[in-house]
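Novice: The structure that follows is given in the form of structure tokens.
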Amino acid sequence: MIRKVLLLLLLLLAAVQACSAGEVSLTAAESEYTFQVGTQAGIEVAAANTAGAETRGTLTVALRPEGGGSGRTQVRGVVLGPGTTKVPVALGTFDVPATCSLEITFASADGKAAALRGITVHFVEEVEQAGEKETGGPVSSVPETAGQTGGRSPPSGRGGTTDREIQAGQAAQDAAALKEALLGETNRKKEAENDLLDRAQSDTLVRDFDRMLRAEGFAPAGRSADPDSGAFSLAYRRGGEEAEVRGVMGETLAYAALETGAPLRVPAVLEENATFEDYAATLTGEGLSRGRTVINATREQSTIALAWGGEAAWVNATVAGGAVTGVTLHRHLNWLPLAALMAALVAVLAAALRAGGPSERSGQGEEKEREDTAPPSPAAILARAREEFGNGETTLAYRSAARALRVQVSQTHGRGTELTDEEALELLAGGDAAAPWVRDALQTCSRVAFAGRPTSEEEFATLTDRIGRHLGGRDEFNRSI
């Protein structure tokens, strides 16, 4: 009984959704059009889509000469975006003068249709005659069910036969045209993606990154692109290590960034810089080893960020015109005091275990030690991003904000390991409602941190507030922003 009730509710819901679907209406600017014989004729109709989303269907154009004669029809698949779309309608050509009635019908996949009738098309011998014809006012469509004739009597002679032929073959034509439209849309999107990726991979900056990774033993492992935004991503792998080259491509390359958790070889121009040598020697002397490598490149300059000790310290350098223009050292925490403190805690706990043996208190102490040595939480990383922005370190602040999002995604959808932007979005690709705004937030961070796009205190505050509420599990941030 319960199953029957649930089934009935689902059927009712589907019916309500079908009834509430938006409709498409067609409008022609004039009721009469005049063209010279022997020339290609065509008009434009306005298609108003109130569905609030893309609507796919077929457009049928039927041109019938008055007084009989052979008519013509064409059917093609179209995709209408929300709002009003200008749709070109080709009418072909006539070799002799003629007056035709024109009917344009749009039929959607849900069985609804809009029929635009009452349009007359004249084909005349002389151009002067075209100006003598009345154009009339605009004409709008009427809603119908797909395949409905509207109660019209077919014209006599060959025109009526043509009308019946059109109606008889309409269902098969509609299905074939819709299938062709869907396939064509998929092919066009794939072609646009391939074109974007080919242009990106032909750029000298992206090729430099590719050569750098291949020289380090990385191999290509996939690529993706979004033609609407121009964003692209190239994945690489070396054993269990991963790297990513990403960027934005318009008419030309806006920027390209390379990021990997592996310590890539330092570029020669930076390796020879005295300030960098001092910082590297200091960090190595403290027992810290190289970690992540992040390089961003534009036509004007490149920024290089190298991590030591996980992400305890970063050396950031700017290179322009083949020369190093600045090198800075940024520490996220004071490593040596922390190391000494941890060593002291370990010694105290070891002494307690030797003195009293295992106990509930010692178990609590071990748990406390594990908490102290655990990696930063997403909330802690976000707090650090706000602190960095307050100190004027905009690039680091946006980088930390992005990392907070990636760590959150990794902990809730993955294994808790460090991820690239692309890997984080792949984890959300299974229909997670938060995926669109997470992608937008990561792209915003990349464009500021790597492409040097100007930002403001208000923009950063809005971004981090949204990230913070998402980390706290607020439901409204499971929707696109």
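Novice: Given the condition farther than 24 Å from ALA307 by Cα, at pLDDT 80 or above and surrounded by 11 or more Cβ atoms within 10 Å (Cβ to Cβ), answer yes or no: does some residue in the range 370-388 qualify?
Specialist: The first filter runs over the range 370-388 and keeps only residues farther than 24 Å from ALA307 by Cα, leaving none.
No: zero hits.
Novice: Would you point out the residue of the range 6-60, among those that are within 28 Å of THR120 (Cα to Cα) and open to solvent by 90 Å² or more (accessible area, probe 1.4 Å), that is modelled with the highest pLDDT?
Specialist: GLU44
Novice: Any residue at all in the range 119-142 that is modelled with pLDDT under 60 and either open to solvent by less than 50 Å² (accessible area, probe 1.4 Å) or part of a strand (DSSP E or B) (or both)?
Specialist: Yes: one or more hits.
Novice: Which residue pairs have Cβ atoms closer than 6 Å, lie 6 or more positions apart in sequence or on different chains, and pair a first residue in the range 23-44 that is assigned to a strand (DSSP E or B) with a second residue that is of a type in the set (Val, Ile, Thr) and surrounded by fewer than 17 Cβ atoms within 10 Å (Cβ to Cβ)?
Specialist: Sorted first by the residue in the range 23-44, then by its partner, the pairs are GLU32/THR135; GLN36/VAL127.
Novice: Here are some residues: THR444, THR464, THR420. Which one is crowded, with 18+ Cβ neighbours inside 10 Å and farther than 23 Å from THR293 by Cα? Let's see the steps before the verdict.
Specialist: Details: THR444 fails: farther than 23 Å from THR293 by Cα; THR420 fails: farther than 23 Å from THR293 by Cα.
Step by step, each of THR444, THR464, THR420 is checked, and only THR464 is crowded, with 18+ Cβ neighbours inside 10 Å and farther than 23 Å from THR293 by Cα.
Novice: Which of the residues spanning the range 252-283 are part of a helix (DSSP H, G or I) and buried (at least 18 other Cβ atoms within 10 Å of the Cβ)?
Specialist: Just the residues of the range 252-283 that are part of a helix (DSSP H, G or I), to begin with: 268-271, 274-283.
Selection gives LEU270, PHE276, TYR279, ALA280, LEU283.
Novice: Which of (1) closer than 15 Å to THR298 by Cβ; (2) at pLDDT below 90; (3) open to solvent by 60 Å² or more (accessible area, probe 1.4 Å) is the odd one out, the single condition GLU191 does not satisfy?
Specialist: Among (1) closer than 15 Å to THR298 by Cβ; (2) at pLDDT below 90; (3) open to solvent by 60 Å² or more (accessible area, probe 1.4 Å), GLU191 violates only (1).
Novice: Another question about this same structure. I'd like the residue in the range 197-214 that is open to solvent by 50 Å² or more (accessible area, probe 1.4 Å) and free of Cβ contacts under 8 Å to residues at least 40 places away in the same chain and, out of all such residues, is farthest from VAL248 (Cα to Cα).
Specialist: ARG214
Novice: If you go through the range 80-100 one residue at a time, how many are touching a Gly at 6+ places or on another chain (Cβ under 7 Å), surrounded by fewer than 12 Cβ atoms within 10 Å (Cβ to Cβ) and part of a strand (DSSP E or B)?
Specialist: Count: 1.
The values are calculated or read from the model by the stated rules, or taken from the named source; none is laboratory data. Just so we're clear, the structure is a prediction, and the values are computed from it rather than from any experiment. Methodologically, a virtual Cβ is constructed for each residue, glycine included, from the backbone with ideal geometry; neighbour enumeration extends over all protein chains shown. Protein only, heavy atoms only, side chains kept; ligands, DNA and RNA dropped before computing areas. Shrake-Rupley method; radii C 1.70, N 1.55, O 1.52, S 1.80 Å.
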